[in-house]
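Notes follow once the structure below has been shown.
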Amino acid sequence: MPAIYVILGIVAIILLWGVGMYNSLIRTRQHVKESWSGIDTELKRRYNLIPNLVETVKGYATHESETFEAVIQARNNAVASTGSPGQQAQDENMLVGALRQLFAVVEAYPDLKANENFLHMQRELTVTEDRLQAARRFYNANVRTLNTKVEVFPSNMIASMFSIVQGEFFEVEDAAVREVPKVSFAD
């Protein structure tokens, strides 16, 4: 009789451990989903700023229509992107590149760079980019936690039993970060 209680106790402990591990995986997966919504919110904010920015620049640089069209097309592609974080990141890379071209155009127009409306939108875009970076770091940290739980023993057994899979990181290429700095000692 005492052996049955010991066996039942061991089974109960294993069952409780499995339930706890499963709940931990589900909580972590929910954190990933929640943090993705933070990224989505900031992306939408940026998407809403871009048309106004383009219109302001158009007023000064009317002959740069190719650049404007590239920015609007990249924005529309990014807005329409509903795939995985990897696909969204790819569309975001295109948008970031198009925005760089737009800001290169702005450099040729000193009056535009001093325009109060343009400066306000540029500040708003900078704030949004900062918030987007913070949301991306938060999301990627949650994905890292989920991926670790899905890969390490013994939680990987529970994850595989219930088809809980790894999350995908959201990594936007920032060419400026990867560029080699130019150093010149010439006058």
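In the set (1) modelled with pLDDT under 90; (2) assigned to a helix (DSSP H, G or I); (3) within 11 Å of the chain's Cα centre (by Cα), the condition left unmet by Glu171 is number (2).
Annotation: Thr145 fulfils all but one of (1) touching a helix residue (DSSP H, G or I) at 6+ places or on another chain (Cβ under 8 Å); (2) within 22 Å of Val79 (Cβ to Cβ); the unmet one is (2).
For first residues located in region 51-79 and surrounded by 18 or more Cβ atoms within 10 Å (Cβ to Cβ), partners that are in a helix (DSSP H, G or I) and of a type in the set (Phe, Trp, Tyr) and lie 6+ apart or on another chain with Cβ distances below 7 Å form the pairs Val54/Phe68; Thr56/Phe118; Arg75/Tyr47; Ala78/Tyr47.
Name the single residue that is nearest to the chain's Cα centre (by Cα) among those in region 80-100 being buried (at least 16 other Cβ atoms within 10 Å of the Cβ) and farther than 16 Å from Glu129 by Cα. Among them, the one singled out is Pro85. Being in a loop (DSSP other than H, G, I, E, B) and among the hydroxyl-bearing types (Ser, Thr, Tyr) is true of Thr82. Taking the conditions exactly as written (more than 20 Å from Ala78 (Cβ to Cβ) and assigned to a helix (DSSP H, G or I)), does Val32 satisfy them or not? Yes, satisfied. Residues considered: Asn156, Asn142, Asn147. Of these, the only one that is surrounded by 16 or more Cβ atoms within 10 Å (Cβ to Cβ) and closer than 18 Å to Glu42 by Cβ is Asn142. Checking each residue in region 1-33 for being touching a residue at least 24 places away in the same chain (Cβ under 8 Å) and within 30 Å of the chain's Cα centre (by Cα) picks out Met21, Tyr22, Ser24, Leu25, Ile26, Thr28, Arg29, His31, Val32.
Taking Leu146 as the residue in question, decide whether it is among the aliphatic types (A, V, I, L, M) and within 30 Å of Val19 (Cα to Cα). Against the criterion (among the aliphatic types (A, V, I, L, M) and within 30 Å of Val19 (Cα to Cα)), Leu146 qualifies. When Gln87, Gln166, Gln122 are checked against the criterion of being modelled with pLDDT of 85 or more and of a type outside the set (Val, Ile, Thr), Gln166 stands alone in meeting it.
The values are calculated or read from the model by the stated rules, or taken from the named source; none is laboratory data. Just so you know, these numbers come straight off a predicted model, no measurement behind them. Every residue, glycine among them, receives a Cβ derived from its backbone with ideal geometry; neighbour counts consider all protein chains shown.
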